[in-house]
1. Report yes if MET138 is modelled with pLDDT of 95 or more and closer than 22 Å to THR13 by Cβ, otherwise no.
2. Test each condition in (1) open to solvent by 50 Å² or more (accessible area, probe 1.4 Å); (2) within 24 Å of LEU67 (Cβ to Cβ) for HIS103 and report the one that comes out false.
3. Does region 78-88 contain at least one residue that is in contact with a strand residue (DSSP E or B) (Cβ under 6 Å, 6 or more places away or on another chain), open to solvent by 10 Å² or more (accessible area, probe 1.4 Å) and away from ligand 1 (no atom under 14 Å from the Cβ)?
4. Taking into account only those residues within region 121-151 that are in contact with a Ser or Thr (Cβ under 7 Å, 6 or more places away or on another chain) and of a type in the set (A, V, I, L, M, F, W, C), which is farthest from LEU194 (Cα to Cα)?
5. Looking only at region 175-195, filter to residues that are assigned to a helix (DSSP H, G or I) and open to solvent by 10 Å² or more (accessible area, probe 1.4 Å); which one of those is farthest from ligand 2 (Cβ to nearest atom)?
6. If you check GLU231 against the conditions, is it within 15 Å of CYS32 (Cβ to Cβ) and either within 16 Å of ligand 2 (Cβ to nearest atom) or among the small types (Gly, Ala, Ser) (or both)?
7. Kindly evaluate GLY19 against the criterion of being more than 16 Å from ligand 2 (Cβ to nearest atom), open to solvent by less than 40 Å² (accessible area, probe 1.4 Å) and out of contact with any Ser or Thr (no Cβ under 8 Å at 6 or more places or on another chain).
Amino acid sequence: MTRLSVNINKIATLRNSRGGSIPSVVEATINCQKFGAEGITVHPRPDERHIRRQDVYDIKPHITTELNIEGYPSKDFMKLVIDVKADQATLVPDKPGQLTSDHGWDTIKNESFLRDVISELKSHGIRASIFVDPDQKMVEGAKKVGTDRIELYTEPYASGYMADPEKAVAPFVAASKLAKSLGLGINAGHDLNLKNLKYLIDMIPYIEEVSIGHALIADALYMGLRNTIQEYLECIKP
Ligand SMILES: CC(=O)[C@@H](O)[C@H](O)COP(=O)(O)O
Ligand SMILES: NCC(=O)COP(=O)(O)O
């Protein structure tokens, strides 16, 4: 059964815009889980444009589901993830100044680096997931570096969905079938929303976790956080 992990980056974006503590990321963590979220995702970027390192320490005691921390596996990132003993670390190949995550790992060129990082995460009991494009060779490379899961970067699906859902989802179905055959768990995320989510899950029902933030938080501005989370859950639960 696919789990919904709510990414609360954009709560922190709003908070940072005034320099105070409203809205609170701790309150958001508590309420998202109360409203049905099955995980909390944060992406503390090096420039702390939204989620700050301290936020991760602050929210950890309030996690009653799972904490998924996304980021480039720098020394700082690894210390943070290990310090708070995240349930899952999702490694992304982002450069510090990137507007947002916009590609998966080259798991072939980065084989040695990823293998070492994943081994360290596992030694601390932290599930490893790596951000990949729906590319068969990258999925095969993910298996070789020993990750527990892959997270499929779904922006290309989202951007193609309205025009041609079948064409948009096809590479993701193929990559998922390969990943499953290799024994990899499958997560998915980026630009998923109330329009495109159900079809993705219908086509790939064995996705273990979707992490959704930008569209969900935007929807909550109009529908409220409780109703919004319930609507997203209805898209992924049969
Ligand atoms: C890896 C991924 O897709 C998410 O972490 C996304 O990048 C959110 O980051 P921003 O909220 O900074 O866009
Ligand atoms: N891993 C994807 C994520 O956490 C949220 O991405 P988005 O929904 O903010 O695009």
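The values are calculated or read from the model by the stated rules, or taken from the named source; none is laboratory data. Note that the structure is a prediction, hence the values are computed from the model and not measured. Here the Cβ positions follow ideal geometry from the backbone for every residue, glycine too, while neighbour counts run over all protein chains shown. To get the accessible areas, we keep the full protein, side chains included, count just its heavy atoms, and leave off ligands, DNA and RNA. Shrake-Rupley method; radii C 1.70, N 1.55, O 1.52, S 1.80 Å.
1. On the way: modelled with pLDDT of 95 or more: yes; closer than 22 Å to THR13 by Cβ: no.
No: the conditions fail for MET138.
2. (2)
3. We begin by selecting, within region 78-88, every residue in contact with a strand residue (DSSP E or B) (Cβ under 6 Å, 6 or more places away or on another chain); these are 81, 86-88.
Add one more test, that the residue is open to solvent by 10 Å² or more (accessible area, probe 1.4 Å), and what stays is 87.
The next check asks that each one be away from ligand 1 (no atom under 14 Å from the Cβ); those that pass are 87.
For region 78-88, residues in contact with a strand residue (DSSP E or B) (Cβ under 6 Å, 6 or more places away or on another chain), open to solvent by 10 Å² or more (accessible area, probe 1.4 Å) and away from ligand 1 (no atom under 14 Å from the Cβ): present.
4. Filtering region 121-151 for residues that are in contact with a Ser or Thr (Cβ under 7 Å, 6 or more places away or on another chain) and of a type in the set (A, V, I, L, M, F, W, C), the one farthest from LEU194 (Cα to Cα) comes out as VAL145.
5. Filtering region 175-195 for residues assigned to a helix (DSSP H, G or I) gives 175-181.
Add one more test, that the residue is open to solvent by 10 Å² or more (accessible area, probe 1.4 Å), and what stays is 177-178, 180-181.
Details: LYS177: 21, LEU178: 20, LYS180: 19, SER181: 23 Å.
Going through the qualifying residues, I end up with SER181.
6. Values: within 15 Å of CYS32 (Cβ to Cβ): yes; either within 16 Å of ligand 2 (Cβ to nearest atom) or among the small types (Gly, Ala, Ser) (or both): yes.
For GLU231, the condition - within 15 Å of CYS32 (Cβ to Cβ) and either within 16 Å of ligand 2 (Cβ to nearest atom) or among the small types (Gly, Ala, Ser) (or both) - is met.
7. Numbers: more than 16 Å from ligand 2 (Cβ to nearest atom): yes; open to solvent by less than 40 Å² (accessible area, probe 1.4 Å): no; out of contact with any Ser or Thr (no Cβ under 8 Å at 6 or more places or on another chain): yes.
So GLY19 fails the test.
Residues checked against (1) away from ligand 2 (no atom under 16 Å from the Cβ); (2) without any contact (Cβ under 8 Å) to a residue 60 or more places away in the chain; (3) assigned to a loop (DSSP other than H, G, I, E, B):
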residue: VAL6; (1), (2), (3): no, no, no
residue: THR13; (1), (2), (3): no, yes, no
residue: GLU27; (1), (2), (3): yes, yes, no
residue: CYS32; (1), (2), (3): no, no, no
residue: ALA37; (1), (2), (3): no, no, yes
residue: ILE40; (1), (2), (3): no, yes, no
residue: ARG45; (1), (2), (3): no, yes, yes
residue: GLU48; (1), (2), (3): yes, yes, yes
